[in-house]
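The values are calculated or read from the model by the stated rules, or taken from the named source; none is laboratory data. Here the structure is a predicted model, which means the values were calculated and not measured. All Cβ positions, even for glycine, are placed from backbone atoms using ideal geometry, and neighbour counts span all protein chains on display. Note: areas computed on protein heavy atoms with side chains; ligands, DNA, RNA excluded. Shrake-Rupley method; radii C 1.70, N 1.55, O 1.52, S 1.80 Å.
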Amino acid sequence: MTELSSNGVVSYLVEDRIAWVNFNRPDKRNCMSPTLNRDMMEVLDLLEFRDDVGVLVLSGEGTAFSAGMDLKEYFRETEAKGLGATRQAQRESYGWWRRLRWYQKPTIAMVNGWCFGGGYGPLFACDLAFAADEAQFGLSEINWGILPGGGATKVAVELLPFRKAMYHAMMGENVDGKTAAEWGLVNESLPLAQLKTRVMDVAKVLLAKNPVALKATKDAVRRVSVMSYDDAEDYLIRAQEAANSYDNHGRKEGIRQFIDEKSYKPGLGAYDKDKAGV
């Protein structure tokens, strides 16, 4: 059964160990308001360590993923209350994006429609991203006289080649899902009618893998991107040792199934974690 956050602006459904989390302001193209940002943190808290949740999928109700920040509620009304209110609103929005970047479970952005400006924050926070061909991506801030803030510029530089990032930020032109995939904003683009099925298939693959290894891998990919090779090498050694302390049996079980049972091939799929009691 679909449930709602305290203020009803986030909906979520847990089914077959997949948590389907949606922005729920379809009439506002799922713009992120201070209320929505607080509710998102609430929902992330509720789902993160539930045993019946193995993967989280983030999307939007209606025809949009998120059209960015709510210009009226997030900017005008908040700024009218002074610097303190502005800083609080920033902490709340950036806070749940940060929480999502380092979430315990694998996360997938399912971009079903408009994804603008501030929507790039949660887009980048998710580990994987799939978009509808019909989706529209844009950094429209330049069109109303500001820079792409809230991390959007950083996201563009992280995900796009330099010239494409510069063009995207300076021109204020939209790109569709196919172009977003070609540029690297998302992993893949496909017709909207096929989007949820594809995301579900990816989620099922993730559910079959060792959750401790998945969390360590998620963190490692984000951490090493800003490290020198030597620092990354050292970090990865320590990260593997830390993961072993949480689940040394699972690692050994995978090796046992490969060497002794010859029951699976690592290059072709995951070991049977149910045998390991993971």
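In terms of the Cα gyration tensor, with a ≥ b ≥ c the square roots of its eigenvalues, is region 93-224 rounded because a/c is under 1.5, prolate because a/b exceeds b/c, or oblate?
oblate
Which entries of Lys154/Lys178; Lys28/Lys218; Lys154/Lys204; Lys178/Lys209; Lys72/Lys164 have Cα-Cα distances beyond 24 Å here?
Lys28/Lys218; Lys154/Lys204; Lys178/Lys209; Lys72/Lys164
For percent of Cα pairs over 30 Å apart, which listed value, (i) 30; (ii) 36; (iii) 33, comes from the coordinates shown?
Computed from these coordinates, percent of Cα pairs over 30 Å apart corresponds to label (iii).
In what order, largest first, do Arg256, Arg223 sit by accessible area if the probe radius is 1.4 Å?
Solvent-accessible surface, decreasing: Arg223, Arg256.
Give me the compactness ratio for region 54-125, meaning the Cα radius of gyration over 2.2 N^0.38 Å.
Numbers: Rg = 13.5 Å, N = 72, 2.2 N^0.38 = 11.2 Å.
Normalised Cα radius of gyration, region 54-125: 1.21.
Between Val10 and residues 5 or more places away or on another chain, which pairs have amide H atoms under 5 Å apart, with H built 1.01 Å from N, and which residues are they?
Ser5, Asn24
Expressed as cubic angstrom per residue, what is the convex hull volume of the alpha carbon set of region 87-141?
Given the Cα convex hull of region 87-141, per-residue volume reads 72 Å³.
Per the helix-only calculation at 222 nm, which mean residue ellipticity applies to the chain, given -39500 (n - 2.57) for every DSSP H run of n ≥ 4 and division by its residues, nearest 500 deg cm²/dmol?
The helix contribution divided over the chain gives -14500 deg cm²/dmol.
Let me make sure I get this right: for region 1-134, a, b and c are the square roots of the gyration tensor eigenvalues over alpha carbons, sorted descending. Under 1.5 in a/c it's rounded, otherwise prolate if a/b > b/c, else oblate. Which is it? Numbers along the way, then the final one.
On the way: a/c = 1.74, a/b = 1.42, b/c = 1.22.
Prolate shape, in that a/c is at least 1.5 and a/b is the bigger ratio.
Rounded to the nearest 0.05, what FRET efficiency do Ile146 and Gln240 give with R0 = 45 Å and r taken as the Cβ-Cβ distance? Could you check?
With R0 = 45 Å, the Cβ-Cβ based efficiency is 0.55.
With a 10 Å cut-off between alpha carbons and a GNM built on the chain, which of Tyr235, Tyr120, Tyr12 moves the most?
Ranking Tyr235, Tyr120, Tyr12 by mean-square fluctuation puts Tyr235 first.
Please identify, among Ile142, Ile237, Ile18, the residue showing maximal mean-square fluctuation in a Gaussian network model of the chain using a 10 angstrom Cα cutoff.
Between Ile142, Ile237, Ile18, it is Ile237 that shows the largest mean-square fluctuation.
Under a 10 Å cutoff between Cα atoms, tell me which one of Asp234, Asp45, Asp127 has the largest fluctuation in the Gaussian network model of the chain.
Asp234
Provide the solvent-accessible area of Trp114, counting protein heavy atoms only and rolling a 1.4 Å probe, rounded to the nearest 10 Å².
Roll a 1.4 Å probe over it and Trp114 shows about 80 Å².
Restricting attention to region 46-81, which chymotrypsin sites (Phe, Trp or Tyr not before Pro) occupy a DSSP loop and are surrounded by at most 14 other Cβ atoms within 10 Å?
Phe49
Only Cα pairs under 8 Å and at least 6 apart count here; give the relative contact order of region 79-179 as a rounded whole percent.
Computed value for region 79-179: 26 percent relative contact order.
When the solvent-accessible surface of protein heavy atoms is calculated with a 1.4 angstrom probe, in what order do Leu147, Leu36 fall, highest first? Show your work: numbers first, answer last.
Details: Leu147 120, Leu36 0 Å².
Sorted descending by solvent-accessible area, the residues read Leu147, Leu36.
One quarter of the convex hull surface, Cα atoms only: what value does that give for region 147-220 in nm²?
6.4
Can you sort Tyr103, Tyr229 by 1.4 Å-probe accessible area, starting with the largest?
The residues order as Tyr229, Tyr103, largest area first.
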